[in-house]
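A short worksheet on the structure shown next.
Throughout, read-outs are computed from the coordinates displayed, never taken from laboratory work. Because the structure is predicted, anything quoted here is derived from the model rather than measured. Note: ideal-geometry Cβ built from the backbone for every residue, glycine included; neighbour counts use all protein chains shown.
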Amino acid sequence: MVLVELIAFPNKRTQAIGRILHVLGEHMAPGMEIQVAIHAHGIPFEWPEDVSIEVAKIPQQVTEEQIAGRTDLRNLPFVTIDGDDAKDFDDAVYCYKKPKGGFQLYVAIADVSNYVQQDSALDKEAARRGNSVYFPGKVVPMLPEALSNGLCSLNPHVDRLCMVAEMAISADGKIARSRFYRAVIHSHARLTYTQVGSWLEQGATDEQHASLWPMLQSVYDLYHVLLATRKTRGAMDFETTETRIEFDEHKKIKCIVPVIRNDAHKLIEECMLAANVATARFLEKAEIPTLYRVHAAPEEDKITALRQFLGELGLQLSGGKKPGPKDFQRTMNVIGDRPDKHLIETVMLRSLKQAQYVEANEGHFGLAYSAYTHFTSPIRRYPDLLIHRAIGHLLDNHPVDEFSYTHEDMNRLGKHSSMTERRADEATREVVSWLKCEYMQDKLGQVFSGRISAVTNFGIFVELDEIYVEGLVHVTSLKNDYYTFDSVKHRLIGTRGGQVYRLGDKMTVLVARVDLDERKIDFEPVAEDTVSHE
């Protein structure tokens with residue numbers, strides 16, 4: 001594989017001419033799929049020399065001079081709870097129950113803004129990257145590892161500088177008061193979702209972490225309160241299946257497994273949501289230029305199409321011309337355990353817009369928040385770093401009109417950050433597609449059961465059970481009939497025989513072709529009677 005710059009485009013008489021810029025390596029070498037995606041999407045991955053020089057000058061340990069003037073929370077049993085293989089720890093939590101009811105929640109976030117100064121070489125490179133990119137088995141970080149995995153990571157048993165959101169949360173789950181301040185913490189443990197999820201099920205920790213159990217119980221009780229508030233608010237909760245690729249010792253795919261979200265995942269998620277909401281309220285009240293995480297309401301034509309689809313299934317979406325998140329959630333509650341639940345949720349999810357970073361607050365439709373932002377991950381998201389700078393400006397009691405970012409600056413940076421987020425998503429999807437194609441190469445001719453995951457005018461996509469690989473059954477593979485596409489009901493219909501292929505149907509297919517370069521897998525139906533409607 002080589003990286004080529006085109007110097008002459010093809011025409012009727014000559015082929016394209018290119019100049020080789022870089023030899024990437026063997027086509028099937030482990031990690032080549034990531035190299036290809038990085039170059040294809042223009043993802044920055046090399047550190048400029050001036051960035052390396054700046055990082056080398058940063059003290060590798062927290063100094064007493066840096067701690068001076070900060071709130072000292074080192075005695076509080078903060079913990080981090082992350083994935084088994086996580087290396088950068090943005091956030092730590094501590095919580096206790098108040099004697100008269102309610103909770104006091106502390107969310108400590110790495111104080112990246114202390115180390116990454118505005119307009120420095122490090123800052124400009126972080127802005128250019130926009131976010132860390134998490135490929136299977138490899139991370140392209142937004143910040144150099146000396147910061148992302150070192151000084152800014154809230155590693156256990158070391159002092160770390162933080163920005164803290166401290167929230168008083170009432171017994172009914174409302175944020176009664178909140179305040180922000182710079183602090184120093186000393187994480188008491190690096191815990192994993194697997195560990196904590198198991199402890200919550202068992203009702204106790206292991207002996208080593210017994211002293212942390214009262215705090216974990218408090219935050220778990222808070223989680224249940226926040227979850228009830230979430231349901232009352234009408235926030236949408238789709239049950240999508242995320243997967244993780246596991247590799248063998250040769251860095252080849254061993255298996256593709258579902259990621260099981262336990263209560264530990266959800267507990268941390270609710271704590272982060274609370275901190276993000278408190279941040280958005282704080283910044284909006286101050287009227288300082290900032291970024292909001294905006295999820296706009298769906299377009300009217302999307303709502304019309306969704307209602308047509310639901311109507312065919314005997315369902316409805318309330319809310320008139322502008323249904324709210326509660327209306328969506330009400331429909332999801334009605335479908336309960338229907339066999340076609342996955343089908344319905346898929347179509348509902350596709351009717352929604354993508355969230356983005358916007359300078360003007362327009363609320364978050366999916367989470368049902370009037371104001372929402374991202375405060376909790378400045379190691380891996382540039383907008384969060386901007387949010388920290390806005391908070392820092394206010395904490396230092398500087399006038400809002402003296403903030404070094406204007407509304408126009410935030411608007412520009414928000415658009416760029418939204419772009420880098422989409423870029424990362426697209427690059428990651430391509431890598432996963434490549435790896436799945438590679439995984440299926442030795443399975444040609446094998447038969448699998450699956451479920452129709454998408455329907456188009458040119459065919460149907462089927463996701464295989466248990467191995468979570470998707471491929472296309474092209475319409476030309478559906479023999480002995482001519483098929484028409486019904487976009488409202490998401491189905492193909494045979495004009496003569498009446499055979500129907502509908503989103504969500506079960507189907508048995510044969511692996512016919514695998515094209516690694518195009519990242520495509522083609523299936524063929526095993527027999528006409530291998531489709532079942534539920």
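What are the principal axis extents of the Cα atoms in segment 300-352, in Å, biggest first?
Projected onto the principal axes, the Cα atoms of segment 300-352 cover 28, 19, 18 Å.
Which value at 222 nm does the chain reach when only helices count, each DSSP H run of 4 or more adding -39,500 (n - 2.57), with the total divided by all residues and rounded to the nearest 500 deg cm²/dmol?
Mean residue ellipticity at 222 nm (helix-derived): -10000 deg cm²/dmol.
Given 4 °C and 1.567 mPa s, how large is the Stokes-Einstein diffusion coefficient of segment 1-159 in µm²/s, with Rh as the Kirkwood radius over Cα pairs?
Values: Rh = 19.5 Å.
The Stokes-Einstein estimate is 66 µm²/s.
Starting from the Kirkwood Rh over alpha-carbon pairs, what translational D in µm² s⁻¹ does segment 118-215 have by Stokes-Einstein at 4 °C and 1.567 mPa s?
Value of D from the Cα-based Kirkwood radius: 76 µm²/s.
Could you give the alpha-carbon Rg of the chain over 2.2 N^0.38 Å, rounded to two decimals?
On the way: Rg = 25.6 Å, N = 534, 2.2 N^0.38 = 23.9 Å.
Dividing the Cα Rg of the chain by 2.2 N^0.38 Å gives 1.07.
Based on other C-beta atoms within 10 Å, arrange 493, 185, 34 from fewest to most. Numbers along the way, then the final one.
Details: 493 17, 185 26, 34 23.
Least to most surrounded, the residues fall as 493, 34, 185.
How high is the relative contact order of segment 300-352, in percent, counting Cα pairs under 8 Å that sit 6 or more residues apart?
Working: 24 pairs, mean separation 20.9, N = 53.
Averaging sequence separation for qualifying contacts and normalising by length gives 39 percent for segment 300-352.
Sorted by average packing, counted as other Cβ atoms within 10 angstrom per residue and highest first, what order do 459-472, 269-282, 112-125 take?
On the way: 459-472: 20.3, 269-282: 22.6, 112-125: 18.7.
The most tightly packed comes first, giving 269-282, 459-472, 112-125.
Could you list 322, 266, 251 so that the one with the fewest beta carbons within 10 Å of its beta carbon is first and the one with the most is last?
Ranking 322, 266, 251 by Cβ neighbours within 10 Å, fewest first, gives 322, 251, 266.
Sort 328, 238 by Cβ crowding within 10 Å, fewest neighbours at the top.
Details: 328 27, 238 13.
Result, fewest neighbours first: 238, 328.
Quick check for you: which residues of segment 457-476 have the amide N under 14 Å from the point 7 Å beyond the Cα of residue 257 toward its beta carbon?
467
Find the Cα radius of gyration of segment 1-43, compare it with 2.2 N^0.38 Å by division, and give the number to two decimals. Working shown, then result.
Working: Rg = 12.6 Å, N = 43, 2.2 N^0.38 = 9.2 Å.
It is 1.37.
What percent do you get for the relative contact order of the chain when only Cα pairs under 8 Å and 6+ apart count? All intermediate terms of the calculation are to be shown ahead of the outcome.
Details: 966 pairs, mean separation 72.4, N = 534.
Taking the mean separation of contacting Cα pairs over the length of the chain, I get 14 percent.
Taking a temperature of 4 °C and a viscosity of 1.567 mPa s, what whole-number D in µm²/s does Stokes-Einstein yield for segment 391-499 with Rh from Kirkwood over alpha carbon pairs? All intermediate terms of the calculation are to be shown ahead of the outcome.
Working: Rh = 18.7 Å.
In µm²/s, the coefficient rounds to 69.
Return the loop-located GluC sites (Glu not before Pro) in segment 1-104 (DSSP other than H, G, I, E, B) with at most 16 other Cβ atoms within 10 Å of their own Cβ; answer none if there are none.
Details: sites: 5, 26, 33, 46, 49, 54, 64, 65; in loops: 26, 46.
In loop regions of segment 1-104 (DSSP not H, G, I, E or B), the sparsely surrounded GluC sites (Glu not before Pro) are 26, 46.
Could you work out the relative contact order of segment 444-532? I mean the mean sequence separation of Cα pairs under 8 Å and 6+ apart, divided by the number of residues, in percent.
Answer for segment 444-532 is 32 percent.
Using only the alpha-carbon atoms of segment 30-123 as identical scatterers, what base-10 log of I(q)/I(0) does the Debye formula give at q = 0.13 Å⁻¹?
Result of the Debye calculation: -0.77.
Using Cα atoms only, what is the angle between the long axis of helix 213-233 and the major principal axis of the chain, expressed in degrees (0 to 90) to the nearest 10?
Between helix and principal axis, roughly 60 degrees.
For the pairs 326/436; 97/174; 353/415; 138/436; 266/326, note any where the Cα-Cα span goes beyond 25 Å. Please report the intermediate quantities before stating the final value.
Working: 326/436 37 Å; 97/174 14 Å; 353/415 16 Å; 138/436 16 Å; 266/326 20 Å.
The pairs that break the limit, which is 25 Å between Cα atoms, are 326/436.
Would you mind checking the tilt of helix 193-202 against the longest principal axis of the Cα atoms of the chain, expressed as 0 to 90 degrees and rounded to 10?
80
More than 20 Å apart: what percent of Cα pairs in segment 248-377 qualify?
For segment 248-377, the share of Cα pairs beyond 20 Å comes to 59 percent.
Once you have the alpha carbon radius of gyration of segment 71-174, what is it after dividing by 2.2 N^0.38 Å, with N set to its residue count?
Working: Rg = 16.2 Å, N = 104, 2.2 N^0.38 = 12.8 Å.
My calculation over the Cα atoms of segment 71-174 gives 1.26.
If the convex hull of the alpha-carbon atoms of segment 444-532 is projected onto planes in all directions, what is the mean projected area in square nanometres? Mind dumping the intermediate values first?
Working: hull surface 21.8 nm².
Mean orientational projected area (segment 444-532, Cα hull): 5.5 nm².
To the nearest 10 degrees, how steep is helix 263-286 against the longest Cα principal axis of the chain, on a 0 to 90 scale?
60
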